[in-house]
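Presented below is the structure to which this report refers.
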Amino acid sequence: MQNQFDPRTTTGVNAAATVGVPRAARDAGLRSYMLSVYNYMASGVLLTGIVALLFAQTGAAQTLWFGGGILKWVVIFSPLIMVMVIGGRVDRMSLGGVQAFFWSFAAVMGVSMSIIPLIYNGTSIAQCFFATAVAFLSLSLWGYTTKRDLSGFGTFLLMGLVGLVCAMLFNVGLAVFTGQRSEALSLAISLIGVLLFAGLTAYDTQRIKSMYAYVAGSDMIGKAAIMGALTLYLDFINMFQFLLSLVGNRE
């Protein structure tokens, strides 16, 4: 089934976006579209941080993660399930529905990340967040401005991501059956995770930018901006978590 939000699966260009529209108008439209993407993404990260901090400071995170029973597993897997569900329903949802999903997802991610302040000290969290923000902005800017086609690079990164997930599952299985995970494998996973999501930041930015040509002038542009923001949000959050796991100081 064709995904209207992925230019790699689109066979034609929206005529309204390319025919009879002055270049200056197209450029202004693209800038407005990308600004919307970044605004949603930044707001989502902010909401996640606020929710995580509130849960940690009120003691709710302590109760959830060290005494929550099955509830903590619901919180752990909820973001993954939400992403899987939204993928096949965006076309049928209203703009308001997609917005509600985005904010709900950011809030749920905040709950799932509320364990971070219980594990790492505040200085490490702040330093890793700042480093991630600088890297994200630099890589996203490069992905936006580069003339190089990153589609082949993206295929390599997506294959690496599959391998990373397999390695993480193997390490979890190792911990379950032996009672101890491999620290060397954990270190390698964190390092590779940082590099993969750094590359995906540039790749996804270029893909989101190119997507504008297919949604400009249609009622899909608002939803495309939100889904693009969700993609960059996930790149940022994952890069931050892997970096924190790699260099963060534990409490």
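Each value in this text was obtained by applying a stated rule to the coordinates, not by laboratory testing. The structure displayed is predicted, hence computed values, not measured ones. Here the Cβ positions follow ideal geometry from the backbone for every residue, glycine too, while neighbour counts run over all protein chains shown.
For the chain, with the dipole built from +1 on Lys and Arg beta-carbon atoms and -1 on Asp and Glu ones, taken about the Cα centre, which of 54, 210, 78 lies farthest toward the positive end?
The residue sitting farthest along the positive end of the dipole is 210.
So for each of 52-58, 106-112 I average, over its residues, the number of other beta carbons within 10 Å; can you give me the resulting order with the highest mean first?
Working: 52-58: 16.9, 106-112: 21.6.
Those peptides, ordered most packed to least, come out 106-112, 52-58.
Grab the DSSP H runs of the chain that are 4 residues or longer, score each as -39,500 (n - 2.57), total them, divide by all residues and round the 222 nm result to the nearest 500 deg cm²/dmol. It would help to have the intermediate numbers written out before the result.
Working: 10 runs with 200 residues, N = 251.
Taken over the chain, the calculation gives -27500 deg cm²/dmol.
I want to check the label-to-label distance for residue 95 and residue 184. Put each point 7 Å from Cα in the C-beta direction and report it in nm to one decimal.
5.5
Quick one: length gained pulling residue 219 to residue 131 fully straight, 0.36 nm per residue minus the C-alpha distance? Let's see the in-between values first.
Details: separation 88, 0.36 × 88 = 31.68 nm, distance 3.66 nm.
Working it through step by step, the gained length comes to 28.0 nm.
In nm, what is the difference between 0.36 nm times the number of residues separating residue 142 and residue 162 and their Cα-Cα distance? Each step should come with its number before you reach the end.
Numbers: separation 20, 0.36 × 20 = 7.20 nm, distance 2.45 nm.
Extra length from residue 142 to residue 162 when fully extended: 4.7 nm.
Within 10 Å, count the other beta carbons around each residue, average over each peptide in 214-222, 183-191, and list them highest first.
Numbers: 214-222: 17.4, 183-191: 14.3.
By packing density, highest mean first, the sequence is 214-222, 183-191.
At 30 Å minimum axial length over the Cα atoms and a Kyte-Doolittle cut of 1.6, report the qualifying DSSP H helices in the chain, or say none. Numbers along the way, then the final one.
On the way: long enough: 23-58 (52 Å, 0.68); 122-145 (34 Å, 1.13); 151-178 (40 Å, 1.89); 183-215 (46 Å, 0.94); 221-247 (39 Å, 1.49).
Qualifying helices: 151-178.
Which value in nm describes the separation of the simple spin-label points at residue 31 and residue 81, placed 7 Å from the Cα toward the beta carbon?
4.4
Taking region 15-247, how much of its Cα-Cα pair set, in percent, is spaced more than 28 angstrom apart? Display every interim value, and only then the final one.
Values: 9612 of 27028 pairs.
Summing the P(r) of region 15-247 above 28 Å gives 36 percent of all pairs.
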